[in-house]
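What follows is a short report on a single structure.
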Amino acid sequence: MKRKLSITITILMIGMLGVIVTGLTFGDPGDHPMDRYFIENSQQQSGANNVVTAVLFDYRGFDTLGEAAVLFTAALGATLLFRKRREE
């Protein structure tokens, strides 16, 4: 009984995911002035050869640091939750 219910729920979830994915539309981002700015100035201002790296670590460095701190905190919390405790 539980197996049939699990299979039914899985099939329904896959079906819903399929409907959602087929309904996605992707537009043309256009030519924004900020894009040109990053492409033209990122190497001189940051020294990075890759524009994505320059944006991620130089222009948005504090945001990236915050995201890393959140991920570290989540990993530490999960580790503390699931660790084995010694019997005293």
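Any read-out appearing in this document is the output of simple, stated calculations on the displayed coordinates, not a laboratory observation. Just so you know, these numbers come straight off a predicted model, no measurement behind them. Glycine gets a Cβ as well: all are built from the backbone with ideal geometry, and neighbour counts include every protein chain shown.
Where does the chain land on Rg(C-alpha)/(2.2 N^0.38 Å)?
1.89
Based on DSSP H runs of at least 4 residues, each adding -39500 (n - 2.57), what is the mean residue ellipticity at 222 nm of the chain after dividing by all its residues, to the nearest 500 deg cm²/dmol?
-23000 deg cm²/dmol
Within region 21-88, list the trypsin sites (Lys or Arg not before Pro) lying in a DSSP loop whose Cβ has at most 10 other Cβ atoms in a 10 Å radius.
Arg83, Lys84, Arg85, Arg86
Count charges around Thr10 for me, please; just the other residues with Cβ under 15 Å from its Cβ, Lys/Arg as +1, Asp/Glu as -1.
Charge balance in the 15 Å sphere: +3.
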